[in-house]
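Worksheet for the structure shown next.
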Amino acid sequence: MSQGTLYADEKIRGVLPKAIIKAYNLDVKVAAPDAAFEKTFPLKKIPAFVGPKGLKLTEIIAVSLYLCTNIQVLNIADPETKLLGKNATQYAEILRWLSLSNSEILPTIAGAFGPIIGRVPYNKKQVDEANAYLEKVNAVVEARLAEFTYLVGERITLADYFVAAQYVRGFNYLFGAQWRKQHPAITRWFKTIIAQPFLKDVLGDVEFIEKPVEYTPPKKEKKAAAAPAAKKEKPAAAPAEPAQQAPKPKHPLEALGKPAFAVDEWKRFYSNEETRETAIPFFWDKVYNPEEWSLWKVDYKYNDELTLTFMSNNLVGGFFARLSASTKYMFGCMVVYGENNDNGITGFFLVRGQEHEPAFDVAPDWESYSFTKLDGSNEEDKKFVNNMLAWDEPVDVNGTKREIADGKVFK
């Protein structure tokens, strides 16, 4: 008999419950949020859990503790494992670290890197304040781990797995080589915990950055300066050999040559014609040639960290601004679906060539998105592209229809 259903997706807060289920082979179904989830949990917060006898739980701490106690995880696989500590004192200490991490570590990390990668509008003062406060919190963790191997007791507990999972984004974006050198205890502990199969089987490999991600402001077009009047000079007796300027590096897609149909012409047509009636048929009949272009579904990886829909749309705008070097080689539409504090970002791009990376890696935050190649001859893929062009139908997200709240066109 099933012991329940965990609703979770790829969000960081879903890592630990999924790890518990996988590590101990619990008979718990893991499902993406769907219509049943939304009906059961009107606030739509994940992770969420539905258990026996009508049990309904939200909040990661409550869900994780239930999986560890009521499903008797301590008696499965390894009786020596003490995820919740060996006594009441250790249990209280574990709760302390879970609460500290969920309220102070993860939100502060998000506040420090989110604006830098364009996830939310950039405000230097807010980013500086977030980094300053994060260092205060890190000092508490570093002090503990400088004297002890683990956060609680001398064995790995739920506190270590929980906090390490919520530190992942910090190591993804903020904690470069210099930071790791200054925080040896946290670094040593983090590497130890994420190497355990318990987390590694869910997280995969965590790559360490050399330098923190830096904010790149959108490029502004500069007005061409008027050329100064040439001065008359006497010719030099023995002119030096003129210095050769280094050739301007070409975009890697330049080597593909010009396509049969210019993408700029399509961009003008799309802007000036009725979308469903005229532009979409024109796109499939005249523009899209699978030998010259590829279609890509682009999804934001961290929808759990999005808040207000207008801020999510600003994030898309920042991403587009950083893609400006590839304007000649692609066209795209991305939308924000859902509502405030429960929204996501998806869209499609028409890209010159058959690979997405040469076009997107001009933007420092391109790896915050996932890319799925679409097939223009597949009706479902074609329907998705059409809706991204028209914005007149809900978006299908894991079987649930979500209304489009806003969006932007890359052209």
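Observations on the structure shown:
- Taken along the Cα-to-beta-carbon direction at a fixed 7 Å, the label points for Glu135 and Phe282 span 5.5 nm.
- Cα pair distances exceeding 16 angstrom across region 318-387, given as percent: 53 percent
- Percent of Cα-Cα distances greater than 21 Å, calculated over region 259-410: 41 percent
- Region 4-74: relative contact order as a whole-number percent, Cα under 8 Å and 6+ apart: 37 percent
- Solvent-accessible area of the chain (1.4 angstrom probe, protein heavy atoms only): carbon and sulfur portion equals 51 percent.
- For Rg and Dmax of the Cα atoms in Å, calculated from these coordinates, the label among (i) 21.8, 75; (ii) 20.5, 66; (iii) 25.9, 98: (iii)
- Long-range amide H partners of Gly332 with built H, under 5 Å: Leu350, Phe410
- Axis angle, to the nearest 10 degrees, between helix 158-173 and the longest C-alpha principal axis of the chain: 10 degrees.
- Degrees, to the nearest 10: 60-69 long Cα axis against longest axis of the chain: 40 degrees
- For region 99-110, the Karplus equation 6.51 cos²θ - 1.76 cosθ + 1.60, evaluated at θ = phi - 60°, returns couplings of 5, 4, 5, 5, 9, 10, 6, 4, x, 6, 4, 4 Hz by residue, with Gly and Pro reported as x.
- Relative to the compact-globule estimate of 2.2 N^0.38 Å, the Cα radius of gyration of region 88-203 comes out at 1.07.
- Taking amide H atoms as placed 1.01 Å from N in the peptide plane, the amide H of Trp293 lies under 5 Å from those of Gly353, each 5 or more residues away in sequence or on another chain.
- Hits among aspartates and glutamates - C-alpha to C-alpha of Lys124 under 18 Å, sequence gap 8 or more where chains match: Glu135, Glu214, Asp365
- Tilt relative to the chain, helix 263-272 - C-alpha long axis, 0 to 90 degrees, to 10: 80 degrees
- Summed over the residues of region 270-329 and divided among them, the accessible surface reaches 44 Å² per residue at a probe radius of 1.4 Å.
- ³J(HN,Hα), Karplus 6.51/-1.76/1.60, whole Hz, each residue of region 354-370, x for Gly, Pro: 10, 10, 8, 4, x, 7, 9, 6, 6, 9, x, 9, 5, 6, 7, 10, 9
- Amide H contacts of Ala31: Leu6, Tyr7, Ala8, each under 5 Å away and 5 or more positions distant or on a separate chain (H built 1.01 Å from N in the peptide plane; Pro and chain starts excluded).
- Here the chain is assigned +1 on the Cβ of each Lys and Arg and -1 on the Cβ of each Asp and Glu. Its dipole about the Cα centre then comes out at about 1120 debye.
- The largest accessible area among Arg119, Arg144 belongs to the first residue in Arg144, Arg119, and the rest follow in falling order (1.4 Å probe, all chains).
- Computed over region 4-74, the alpha-carbon pair-distance distribution with 10 angstrom bins reads 21, 61, 17, 0, each value a whole percent.
- Close lysine pairs were tallied over region 6-70: pairs 8 or more places apart or on different chains with Cα atoms under 14 Å apart number 6.
- From phi via Karplus (6.51, -1.76, 1.60), per-residue ³J(HN,Hα) for region 39-49 in Hz, x at Gly/Pro: 6, 7, 10, x, 7, 6, 8, 10, x, 9, 9
- With protein chains left intact and a 1.4 Å probe, residues in region 78-210 average 45 Å² of accessible area per residue.
- Dipole of the chain, positive direction: furthest Cα of Pro281, Ser294, Leu306, with charges on the beta-carbon: Leu306
The values are calculated or read from the model by the stated rules, or taken from the named source; none is laboratory data. All values derive from a computational prediction rather than experimental measurement. Because the Cβ atoms are built from the backbone with ideal geometry, glycine has one as well, and the counts that use them run over all protein chains shown. Note: areas computed on protein heavy atoms with side chains; ligands, DNA, RNA excluded. Shrake-Rupley method; radii C 1.70, N 1.55, O 1.52, S 1.80 Å.
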